[in-house]
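I have placed the structure first, in the form of structure tokens, so that the comments after it can refer back to it.
Read the figures in this text as sums done on the coordinates, not as results from a lab. Since the model is a prediction, treat every value here as computed from it, not as a measurement. Please note: Cβ atoms are built from the backbone with ideal geometry, for glycine as well, and neighbour counts cover all protein chains shown.
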Amino acid sequence: MTSADFERRLLEAIEQNPDTTQASLAAQLGVAVGSINWYMKRLIRKGYVKVTHLQRRKLKYFLTPQGLALKVHLTSQYMKDSLRVYGELREQARTVLAELTGAGYATLRLAGEGEAVEIFHLTCLEQGVRVTSSVDDAIPTVEMDGTGFVVRWPEPQAMTRDRRSELVRE
């Protein structure tokens, strides 16, 4: 997670619950309380968050107008980045599917989990490529590897001529 993503999530959490504690923010965001304390001091010093004392040890956090503007800016940037990554993954999926269909495959196995794999699956549906969950040495397997899709091609001896034509017809 980038610093901007963390700040966006922190500002959202404060906006949703101004009575929150640094310990609960740390648990919610999956970081140490010391990290929350450092970010809070920074956000307060920059004028994005205002803090008031409700009781001796109880604090209440408010987003200032500048803090709201920062949150809107960070959210907008996050959405732009997410759409860019989505578009890149869709293009990679189309390229891999063109390679697979060009090699005569109409069926593949999709391995793994996550949003990138889901995007690949949607692209398969769009392109009319059948996705199977069964393990078959005669069909290619596609999986996510880092930032791209990788094809594990079937071993040549696993693909008989009859089996290949059967898969192409499916």
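So if I take the alpha carbon set of segment 92-163, get Rg, then get Rh from the Kirkwood formula, what is the Rg over Rh ratio?
That ratio equals 0.94.
Go through segment 105-159 and name the GluC sites (Glu not before Pro) that are in a DSSP coil and have 12 or fewer other Cβ atoms within 10 Å of their Cβ.
Within segment 105-159, the qualifying GluC sites (Glu not before Pro) (loop, at most 12 other Cβ atoms within 10 Å) are E113.
Let me know the number of lysine pairs in the chain closer than 20 Å at the Cα, not counting same-chain pairs under 8 apart.
So the count of such lysine pairs works out to 11.
Using a 10 Å cut-off around each Cβ, can you sort R90, R8, R56 from fewest to most neighbouring Cβ atoms?
On the way: R90 15, R8 21, R56 5.
Ascending number of Cβ neighbours within 10 Å: R56, R90, R8.
At q = 0.09, 0.13, 0.14 Å⁻¹, what is the log10 ratio I(q)/I(0) for the chain, with the Debye formula run over Cα points and no solvent?
The Cα Debye sum returns log10 ratios of -0.52, -0.72, -0.77.
Counting each DSSP H run of 4 or more residues in the chain as -39500 (n - 2.57), what helix-only mean residue ellipticity at 222 nm follows after dividing by all residues, to the nearest 500 deg cm²/dmol?
-18500 deg cm²/dmol
Which of the trypsin sites (Lys or Arg not before Pro) found in segment 94-134 are loop residues per DSSP with 16 or fewer other Cβ atoms within 10 Å of their Cβ?
none
Which whole-number value in Å³ per residue fits the convex hull of the alpha carbons of segment 3-63?
Working: hull volume 4.6 nm³, N = 61.
Each residue corresponds to 75 Å³ of Cα convex hull volume.
State which helices in the chain qualify, where a helix is a whole DSSP H run, it must extend 30 Å or more along its own axis by its Cα atoms, and its mean Kyte-Doolittle hydropathy must be at least -1.0.
65-102
Among F62, F120, F149, which comes first, then next, by fewest other beta-carbon atoms within 10 Å?
Going from least to most buried by this count: F62, F149, F120.
Could you tell me the relative contact order of segment 6-87? Use alpha-carbon pairs under 8 Å, at least six residues apart, and round to a whole percent. Present the calculation step by step, with values, prior to reporting the outcome.
Numbers: 70 pairs, mean separation 23.6, N = 82.
Here the relative contact order equals 29 percent.
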